[in-house]
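Visitor: The structure is given below, and queries will be raised subsequently.
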Amino acid sequence: MEIDYFVPLSSSGATVLSTSTIADILYPQLSVAEILSLSKVCKATYRAVKAWYPSAYNINNHFKTFLGTLKNVLAFRGLQAITGTIVSGSQALQFFD
């Protein structure tokens, strides 16, 4: 499911930055510092970056890469909760990278 990050903006450049397809390709290539800098360009880019954050830092989306479906992700997360298991190493670091 594609999330629409479009926020009505006056700047055509900011409109491009808020398009979900472009945001999903561009923003992950930026460091956290670069994303913060981008969000400070103007109110429009701030809103575009802010709209992108919920899907970017959604652990379920990250796990779907490995587990395939949301149903499998939720089952895995339930098992984590029951057993107290955590994810560590490169996968945990990639989530925050």
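The values are calculated or read from the model by the stated rules, or taken from the named source; none is laboratory data. What you see is a predicted model, and the numbers here were worked out from it, not measured in a lab. Surface areas here come from the heavy atoms of the whole protein model, side chains and all, with no ligands, DNA or RNA. Shrake-Rupley method; radii C 1.70, N 1.55, O 1.52, S 1.80 Å.
Visitor: Scanning region 25-45 for residues that are part of a loop (DSSP other than H, G, I, E, B) and open to solvent by 70 Å² or more (accessible area, probe 1.4 Å), which turns out modelled with the lowest pLDDT?
Guide: The extreme case among them is Val41.
Visitor: Helices (runs of 4 or more DSSP H) wholly in region 46-97 with at least 3 residues that are modelled with pLDDT of 80 or more and open to solvent by less than 80 Å² (accessible area, probe 1.4 Å) - which ones?
Guide: 59-67, 70-83
Visitor: Is it the case that some residue within region 17-24 is of a type in the set (Asp, Glu) and at pLDDT 85 or above?
Guide: no
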